[in-house]
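My questions will all concern the structure given below.
The values are calculated or read from the model by the stated rules, or taken from the named source; none is laboratory data. Worth saying up front: this structure is predicted, and the values here are computed from it rather than measured. Ideal geometry is used to build each Cβ from the backbone, glycine not excepted, and the neighbour counts take in all protein chains shown.
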Amino acid sequence: MVTQERPRVRGVEDWRPRPTLTGADYTSAVVYEEERERLFFRGWLCVGRSEEIAEPGTYLVRDVVGESVFVVRNRDGEPRAFYNVCAHRGTKLLDDEPACGHLGKALKCPYHSWSYDFDGHLLATPNVHEDEQFERDDYPLHAIAVGEYGGFLFVSLAEHPRPLGEWLRNSNETITDFERYRMAELRLGRRLTYDVAANWKIVVENYNECLHCPTIHPELVQVIPLFRKGEVWDGETADGGNLMIEGATSFTATGVSDLPRFPGLLDPDYGMYYGVFQFPNLMVNLHPDSVMAYLIYPNGPGRTTVVSEFYFRPEAIALPGFDPSPTVELWDLISRQDWTVCERAQLGVSSRSFRGVYPRKDRLLFDFNERWRQELGRPLVG
Ligand code: FES
Ligand SMILES: [Fe+2]
């Protein structure tokens, strides 16, 4: 791990242009393989919400850059995570669809019916008896690390993962700065899934700059005027928040909504938008009455699945006539506008001529690239 300091990106005026990643970094199968091994299989990744596995025996299945894993709630109420691979002869245990469900009394392999409890212990091996010198205790499922923060579930495929809290805080922006939104209490109200024909880093980079906003997002710049100037961060506000247009209290086309506002925020939060990129695959958008998260699943060098989830207070969801559509529709519009330009960028970076540049308002992208280089063990550009 390279320990060189990354340059400051907040409050920077004396920026000099920096190079982007290379075309190969966005397109090559070799680089993608390097990312899998050095970044995704060593760090932590967000894979969903705790509420999806609320009860003992409930599970979710995810494809983590080509490795199928599942998370299950055990009988003590703790999440446990495993490779989705039978300890007998490797059969895939759970299907990708449905992506969540209940295991019943135990998890049974569809091939020879070996079964496992929710801690991965081998319970039963039909026709293979313990007196055959076969110790079931010696063949548990292959466990992986799992942790929860703010209602999000994270897994790490590392053998000795860094502590989750430390990992989360070692991000230029971190959801740990937003305890006051009490995200663990929020519940899923809507989910949209997009298949984007672009490298995952192009999706992340697009999220972290607003030079494209005046051109691509005419509706968004109506709600957040600062974005017209191509800036993603208002130096005048705390925590990098962006003021919504005068009088707006919700992230909708009209700036208002019927949803009750979150309790216990700071006064300025009620007119503010915060966008947080939690390295490497979670982006959280905080609004006064809702939260929208993008979960990014790289799917090869040129494809990314983006899951957009909308969370609300449980009491808001319980209200008769609960209608999240004004927020969902605005975000869906913005998302589609973004994916269109991400896909177009992917086409261009594939050219052998490509050499890109980051001006000052792209400085968060450069920082993301430096962190990426750190994780991959490459020298920093500085
Ligand atoms: S491969 Fe799973 S029980 Fe045989
Ligand atoms: Fe955008």
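Quick check on my filter: what residues within segment 107-126 are more than 11 Å from ligand 1 (Cβ to nearest atom) and not in a strand (DSSP E or B)?
117, 118, 119, 120, 121
Hey, another quick one. Of the residues 81, 24, 99, which is outside the structural domain of residue 201 (by TED's automatic domain parsing) and out of contact with any Lys or Arg (no Cβ under 9 Å at 6 or more places or on another chain)?
Answer to the selection: 81.
Next up: Only one of (1) crowded, with 16+ Cβ neighbours inside 10 Å; (2) modelled with pLDDT of 95 or more; (3) touching an Asp or Glu at 6+ places or on another chain (Cβ under 8 Å) is not met by residue 35, so which one is it?
Condition not satisfied by residue 35: (3).
Restricting attention to segment 129-152, which residues are at negative phi and free of Cβ contacts under 8 Å to residues at least 12 places away in the same chain?
129, 130, 131, 132, 134, 135, 138
Could I ask something else about it? Note down all Cβ pairs under 8 Å where the first residue falls in segment 260-271 and is under 16 Å from residue 316 (Cα atoms), the second is surrounded by 11 or more Cβ atoms within 10 Å (Cβ to Cβ) and aliphatic (A, V, I, L, M), and they're at least six residues apart or on different chains.
Cβ pairs passing all conditions: 260/316; 260/319.
Taking the condition within 16 Å of ligand 1 (Cβ to nearest atom) and touching an Asp or Glu at 6+ places or on another chain (Cβ under 8 Å), does residue 68 pass?
Spelling it out, residue 68 is indeed within 16 Å of ligand 1 (Cβ to nearest atom) and touching an Asp or Glu at 6+ places or on another chain (Cβ under 8 Å).
Taking residue 176 and the conditions (1) under 26 Å from residue 326 (Cβ atoms); (2) assigned to a helix (DSSP H, G or I); (3) away from ligand 2 (no atom under 13 Å from the Cβ), which numbered condition does it fall short on, given that it satisfies the others?
Among (1) under 26 Å from residue 326 (Cβ atoms); (2) assigned to a helix (DSSP H, G or I); (3) away from ligand 2 (no atom under 13 Å from the Cβ), residue 176 violates only (1).
Which one of 235, 275, 240, 230 is touching a Cys at 6+ places or on another chain (Cβ under 8 Å), away from ligand 1 (no atom under 16 Å from the Cβ), closer than 25 Å to residue 172 by Cα and not charged (D, E, K, R)?
Criteria check complete, one pass: 230.
For every residue, the table says whether it meets (1) assigned to a loop (DSSP other than H, G, I, E, B); (2) aromatic (Phe, Trp, Tyr); (3) more than 18 Å from the chain's Cα centre (by Cα); (4) within 16 Å of ligand 1 (Cβ to nearest atom).
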| residue | (1), (2), (3), (4) |
| --- | --- |
| 153 | no, no, no, no |
| 180 | no, no, yes, no |
| 188 | no, no, no, no |
| 201 | no, no, no, no |
| 205 | no, no, no, no |
| 209 | yes, no, no, no |
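Looking at (1) over 23 Å from residue 191 (Cα atoms); (2) touching a Lys or Arg at 6+ places or on another chain (Cβ under 7 Å), can you tell me which one residue 55 breaks?
That leaves (1) as the condition not met.
Run down 301, 268, 225 and say which single residue is at pLDDT 95 or above and either on the phi > 0 side of the Ramachandran plot or of a type outside the set (Phe, Trp, Tyr) (or both).
301
Does residue 142 satisfy the condition of being away from ligand 2 (no atom under 16 Å from the Cβ) and touching a Cys at 6+ places or on another chain (Cβ under 9 Å)?
No, not satisfied.
Residue 182 fails exactly one of the following numbered conditions: (1) touching a strand residue (DSSP E or B) at 6+ places or on another chain (Cβ under 7 Å); (2) farther than 18 Å from residue 70 by Cβ; (3) surrounded by fewer than 21 Cβ atoms within 10 Å (Cβ to Cβ). What is the number of that condition?
Failing condition for residue 182: (1).
I'm trying to understand the selection: among the residues of segment 65-93, which are buried (at least 22 other Cβ atoms within 10 Å of the Cβ) and part of a strand (DSSP E or B)?
Result: 69, 70, 71, 72, 73, 81, 82.
Please determine, by comparing only the residues of segment 155-173 that are over 14 Å from the mean Cα position of the chain (by Cα), in a loop (DSSP other than H, G, I, E, B) and not basic (Lys, Arg), which one is surrounded by the fewest Cβ atoms within 10 Å (Cβ to Cβ).
160
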